[in-house]
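Novice: One structure follows; several queries about it will come next.
Any read-out appearing in this document is the output of simple, stated calculations on the displayed coordinates, not a laboratory observation. Everything quoted here is computed from the prediction, not taken from an experiment. Counting neighbours? That spans all protein chains shown, and the Cβs are built from the backbone with ideal geometry, glycine included.
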């Protein structure tokens, strides 16, 4: 019995030690796939200030919103569009007063770095001809924000009907970019920040902002959040330092 009590006391001491405290998990953050590099840097800077490092989970905003609605535990949600944040709002799962537009982005047409293709996204531009027998890599245009923005832009420019059958839908924007990186698709449409994060692709052209709905990334704290640092980390994201980090990765002010 004495030995058991001693082991129990030792375990408690270890759990309360500074080393153990340093291993405490930070707030759980569900974020759009396009935020991988930028949000990871923000989390690292936050952790360097002495806070527990946030636990980041990246995926398509559509998948993350569905996870939240299904009851997945998390503290913050960062979506790549307003629609999926609206869905979480309608489900009554956001903490009142915490929803804010954090970022903006641009939509670009990409090819492999070695590609010589040249296109200008104007009305009726020759996208289908440039694809030839190849596919156009997009995040799922029926659900994922990047794909929905892409479909809207191509529809506005009058070329969607000509390329719809050639679309290679991917689960998120990074998966779409990977198809181009690997040469599985000659062209793809992603965010400008995604293209900036890859040396394997080049930007062929930037879509006119008027060709698609404004690209906005809202952030909100979830009603079920219990982590003591969740509110503070959200505030850091919105701070001058947090926004500066995001801007270095190519994101714009909302």
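Novice: Suppose a student asked you for the relative contact order of the stretch 68-156, using Cα pairs under 8 Å spaced at least 6 residues apart; what percent would you report?
Specialist: Across the stretch 68-156, relative contact order equals 19 percent.
Novice: For labels at residue 118 and residue 252 in the simple 7 Å Cα→Cβ model, what's the distance in nm?
Specialist: It is 2.5 nm.
Novice: How big is the gap, in Å, between the Cα center of the stretch 144-177 and the Cα center of the stretch 213-254?
Specialist: Cα centroid of the stretch 144-177 versus Cα centroid of the stretch 213-254: 27 Å apart.
Novice: How high is the FRET efficiency between residue 203 and residue 238 when r is their beta carbon distance and R₀ equals 25 Å, given to the nearest 0.05?
Specialist: Computed FRET efficiency for residue 203 and residue 238 comes out at 0.30.
Novice: Taking the Cβ of each residue in 156, 227 as the centre, tally the other Cβ atoms inside 10 Å and list the residues starting with the fewest.
Specialist: Least to most surrounded, the residues fall as 156, 227.
Novice: Within 10 Å, count the other beta carbons around each residue, average over each peptide in 248-254, 146-152, and list them highest first.
Specialist: Going from most to least packed, we get 146-152, 248-254.
Novice: Taking R0 as 51 Å, what's the FRET efficiency between residue 155 and residue 24 from their Cβ-Cβ distance, rounded to 0.05?
Specialist: My answer for the efficiency is 0.60.
Novice: OK, next. Please find, in a Gaussian network model of the chain (springs between Cα atoms separated by less than 10 Å), the residue of 80, 192, 209 whose mean-square fluctuation is greatest.
Specialist: 209
Novice: Please rank 84, 160, fewest neighbouring Cβ atoms within 10 Å first, as an exposure proxy.
Specialist: Ascending Cβ contact count within 10 Å gives the list 160, 84.
Novice: What number, in nm² with one decimal, is the all-direction average of the projected area of the convex hull of the alpha-carbon atoms of the stretch 124-254?
Specialist: 9.4
Novice: How much length, in nm to one decimal, is gained on full extension between residue 48 and residue 72, taken as 0.36 nm per residue of separation minus their Cα-Cα distance?
Specialist: Answer, rounded to one decimal: 5.9 nm.
Novice: Given R₀ = 41 Å, what would the calculated FRET efficiency be for residue 90 paired with residue 41, taking r from the Cβ atoms and rounding to 0.05?
Specialist: Numbers: r = 32 Å, r/R0 = 0.78.
Efficiency, from the Cβ-Cβ distance: 0.80.
Novice: Taking just the C-alpha trace of the chain, give me its Rg and Dmax in Å.
Specialist: 21.3, 82
Novice: Return 98, 193, 155 ranked ascending by Cβ neighbour count within 10 Å, so the fewest neighbours appear first. Display every interim value, and only then the final one.
Specialist: Numbers: 98 18, 193 22, 155 15.
Lowest to highest Cβ neighbour count: 155, 98, 193.
Novice: Under the rule of -39500 (n - 2.57) per DSSP H run of 4 or more residues, summed and divided by the residues of the chain, what mean residue ellipticity at 222 nm is obtained, to the nearest 500 deg cm²/dmol?
Specialist: The per-residue figure over the chain is -11000 deg cm²/dmol.
Novice: OK, next. Output the antiparallel fraction of DSSP beta bridges having both residues in the chain, as a percent to the nearest 5.
Specialist: On the way: 19 of 33 bridges.
Bridges in the chain are about 60 percent antiparallel.
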